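The values are calculated or read from the model by the stated rules, or taken from the named source; none is laboratory data. The shown structure was predicted, so the numbers you read here are calculated from the model rather than taken from an experiment. Every residue, glycine as well, gets a Cβ built from its backbone with ideal geometry; the counts of neighbours run over all protein chains shown.
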Amino acid sequence: MHFSIYRYNPETDKKPYMQEYDLDTEANNCHMVLDALLAIKNTLDDTLTLRRSCREGVCGSDGMNINGKNGLACTTHLSTLSGPIVIRPLPGLPVVRDLVVDMSQFYKQYEKVKPYLQNSDPLPAKERLQSPEERAKLDGLYECILCACCTSSCPSFWWNPEKFVGPAGLLQAYRFVADSRDTATTERLADLTDPFSLFRCRGIMNCVDVCPKGLNPTKAINQLKELMLEEAV
Amino acid sequence: MNLATQQFDAVIIGGGGAGLRASLELAQSGLNVAVISKVFPTRSHTVSAQGGINAALGNTDGSDDWRWHMYDTVMGSDFLGDQDAIEYMCKNAPQTIYELEHMGLPFSRLDDGKIYQRAFGGQTRDYGKELVHRTCCAADRTGHAMLHTLYQQNIAAKAKFFNEWFAVDLVKTEEGISGVIALNIETGEVVFLQARATILATGGAGRIFQSTTNAHINTGDGFGMALRAGLPLQDMEFWQFHPTGIAGAGVLITEGSRGEGGYLINKDGERYMERYAPHLKDLSCRDVVARSSMIEIREGRGCGPKGDYVLLKLDHLGEEVINKRLPGIRELSITFAGVDPLKNPIPVVPTCHYLMGGIPTNIHAQVLTVKNGQDHVVEGLYAAGECACVSVHGANRLGANSLLDIVVFGRAAGLHVQQSVREGLGFRTPSPSDIEAALAGLERWNRNQNGESVDTIRTELQLVMQNDFGVFRTAEHMSEGFKKLEKLQERLKTASIKDKSQCFNTSRIEALELDNLMATALATAYLANERTESRGAHARYDFPERDDAHWLKHSMYFGDGKIDFRPVNMKPHEVKPIELRARE
């Protein structure tokens, strides 16, 4: 198979370039894009640089742009791609080296929504009770793996990375608003009422299209908007 | 040499469950604490844990008792677990779960609003009678839910993180451990992080095997660091092979799938665990199930064109149970096996999963070494989680006891460090030669040219471990494997990397990790060869029986090849010791 991979090492390269590799994916027993990238690194070119960890789609390390679409290298089957396979770093984030991007802005936006349970009531001796129906409201929200596939595919984030929280951060904002155990809903919604943090979402839905976990940040954003309206009334 | 130095009350190496639970305890107490992690913390391997975490809450069954949990854990450990540590863990389990719930962990729930609990292997009521539901979970994504919750709480507590920094080596002094040499992966900068207390929370090392459920990052970094600092590793022959790794891919399918009612079948469609273990069947201890599956395969009853796997049947559970309780494994099975468990059974095979051994500690997570036959606390060094051997798992870990281990002993480490700092634990000042010793490995990789590649040696190492130190072991295979490892160790000294750049040089990280894999593999080989009995996960054809008269003891390996032993603690504080007996 033929691969065309974005390369850039700030120590040696004046500007980024695409490097071509031919890999016998069958002989190297490659099923996923990650298998192929590691085979290239192990057998052809040890300078190729990428992040990876769990190789099963749950740690969120290997988000990248594969044939024009953001996804996880470890869960993208080579058989679903038509060649030549073009691999680039996630768009909209500064490149550190090759396929490794600087995610600090992404993490900052995540931290901005105070992504932790807040509850001002006294702690019970045992667990707080939560009905299965209340708990079900967290499904589709808590599973986020912070891979940044969604946020880095969002034009609103490309334009305002400092001000727009982005789909991943907003999904987590709603995850805590939706949690029956969290008592900070009013403050959480108030923190998002400025023109940028949430309202820069234009409903383009690239986030939904690319999420490797099948989550729906646009829906969460709309639910936040509805709750804001209810609070305002 | 001039090395930038930063001082902290505590430095924690590793951002998985154990590290984050320790850092939370310390950050909330107001101590100056730093976590260094070679990946962003939520990418640590805790994230892959699926099935759950044990605690005797009795939510599903109406009653349970931590003493029954303790009994099961001792039995599961094949009596190699330390009963004082198991007592501490099981007794503290309920409170630990409630704390996690209060932090926001999205546990699955029962109709009455309490935490849902499922059945898991080896968990019984009333000292070995019928199966109990003791495993709390967040569907089958419990590790993910736990790791994210702990990281979120660390954000709230404003813990300091050095993300994507690699721990090169501990800096040892006459008195103890003074801190760690750390490498900023993004810039190549090297600093000395000096700490009153250094906590190792570096996780496991499953990547010494060719086929493993473990992440690429599980390279035994803490084991390499401990050995190079002259400290021993304990019970390194005890590797758990999980009965249900997806054949070929190695990806884990949780024991919770059998806890929810799934079972294993051979090529004849026979539910073979009924034959091997009539009482607990598919929910027997993992070592028992893994060996049974391997026997089925070896005796020609395996499935598929090569007969090299068995099948995990789930379709009878129905769509609702699978989608509600096991959504993650359905996704994994479709992605990595091409099988939808709603319709067809999943091809699975016993796969390297977990190391019961590790860096010996007491129940406060203080690292121990042995001097003149006595336990000796290493000043300023702690270890918790899979890298530690406290030992709560002994010769075989029960499913869903590892998430418990990491939070209970991560917390214990945090508590003891606080107390020690309050009581005046100071800094230890290394000499220039102490620092140089800790930099030696890194400098070798920077210097070496035109040697063999990291991948060549790593691939051979993994193959040796897979072939000669697998589910069943013999002296013949192990001594062959041992010779191969010694040759590989020699070749490793002259291996080299082509990439010498400073910026995000992952080749250099993989090279440093290979040193740690090699150290771990050798420790395993030495101790596996030494132990001439079968106990828990260490199963030998040439010594098929447990031999309590000679081997009811922890084995210890020092990096120089020296082997020593420690007694097993059979003196719990509050309950009567659990007496030796045969397992099913």
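Below are the figures for this structure:
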| read-out | value |
| --- | --- |
| Boolean, A:Lys163 is charged (D, E, K, R), at pLDDT 95 or above, crowded, with 18+ Cβ neighbours inside 10 Å and not assigned by TED's automatic domain parsing to the domain that holds A:Cys74 | no |
| Those residues of the stretch A:20-60 which are in contact (Cβ under 8 Å) with a residue 24 or more places away in the chain, more than 25 Å from B:Ala247 (Cβ to Cβ) and surrounded by 18 or more Cβ atoms within 10 Å (Cβ to Cβ), in sequence order | A:Tyr21, A:Ile40, A:Thr47, A:Leu48, A:Thr49, A:Leu50, A:Arg51, A:Gly60 |
| Given (1) within 28 Å of B:Met146 (Cβ to Cβ); (2) within 14 Å of another protein chain (Cβ to nearest Cβ); (3) within 14 Å of the chain's Cα centre (by Cα); (4) crowded, with 17+ Cβ neighbours inside 10 Å, number of the condition A:Arg135 does not satisfy | (3) |
| Count - residues of the stretch B:208-231 that are in contact with a helix residue (DSSP H, G or I) (Cβ under 6 Å, 6 or more places away or on another chain), within 14 Å of chain A (Cβ to nearest Cβ) and buried (at least 24 other Cβ atoms within 10 Å of the Cβ) | 6 |
| Test: A:Cys150 is buried (at least 16 other Cβ atoms within 10 Å of the Cβ) and in the same structural domain as A:Arg200 (by TED's automatic domain parsing) | yes |
| Residue count for the stretch B:222-236, restricted to those that are among the hydrophobic types (A, V, I, L, M, F, W, C), within 13 Å of the chain's Cα centre (by Cα) and in a loop (DSSP other than H, G, I, E, B) | 1 |
| Those residues of the stretch B:477-513 which are touching a residue at least 60 places away in the same chain (Cβ under 8 Å), in a helix (DSSP H, G or I) and either in contact with a strand residue (DSSP E or B) (Cβ under 9 Å, 6 or more places away or on another chain) or over 21 Å from B:Ala205 (Cβ atoms) (or both), in sequence order | B:Thr506, B:Arg508, B:Ile509, B:Leu512, B:Glu513 |
| Flag if B:Ala55 is under 20 Å from the mean Cα position of the chain (by Cα), within 14 Å of chain A (Cβ to nearest Cβ) and over 16 Å from B:Lys129 (Cβ atoms) | yes |
| Residue satisfying condition, being among the hydroxyl-bearing types (Ser, Thr, Tyr) and surrounded by 18 or more Cβ atoms within 10 Å (Cβ to Cβ), within set A:Thr218, A:Thr193, A:Thr186 | A:Thr218 |
| Evaluation of B:Arg428 against (1) under 30 Å from B:Gly51 (Cα atoms); (2) in contact with an Asp or Glu (Cβ under 8 Å, 6 or more places away or on another chain); (3) not β-branched (Val, Ile, Thr) (one fails), failing number | (1) |
| Residue within the stretch B:58-76 that is buried (at least 22 other Cβ atoms within 10 Å of the Cβ), under 25 Å from B:Trp239 (Cα atoms) and among the charged types (D, E, K, R) present | yes |
| Given (1) closer than 16 Å to B:His216 by Cα; (2) surrounded by fewer than 19 Cβ atoms within 10 Å (Cβ to Cβ), number of the condition B:Asn450 does not satisfy | (1) |
| Residue in the stretch A:106-123 that is surrounded by the most Cβ atoms within 10 Å (Cβ to Cβ), counting only those that are more than 8 Å from chain B (Cβ to nearest Cβ) and free of Cβ contacts under 8 Å to residues at least 60 places away in the same chain | A:Lys108 |
| Filter pass, B:Glu545 being modelled with pLDDT of 95 or more and part of a loop (DSSP other than H, G, I, E, B) | yes |
| Qualifying residue in the stretch B:53-66 (condition: part of a helix (DSSP H, G or I) and either out of contact with any helix residue (DSSP H, G or I) (no Cβ under 9 Å at 6 or more places or on another chain) or not polar (S, T, N, Q) (or both)) | yes |
| Residue, farthest from B:Tyr263 (Cα to Cα), within the stretch B:102-150, restricted to residues that are assigned to a helix (DSSP H, G or I), in contact (Cβ under 8 Å) with a residue 24 or more places away in the chain and at the interface with chain A (Cβ under 9 Å from one of its Cβ atoms) | B:Met103 |
| Selection from the stretch A:1-25 of residues that are among the aromatic types (Phe, Trp, Tyr) and within 12 Å of another protein chain (Cβ to nearest Cβ) | A:Tyr8 |
| Residue among B:Glu476, B:Glu486 that is over 26 Å from the mean Cα position of the chain (by Cα) and more than 12 Å from chain A (Cβ to nearest Cβ) | B:Glu476 |
| Residues located in the stretch B:422-471, provided they are of a type in the set (S, T, N, Q), under 30 Å from B:Gly380 (Cβ atoms) and assigned to a helix (DSSP H, G or I) | B:Ser433, B:Asn446 |
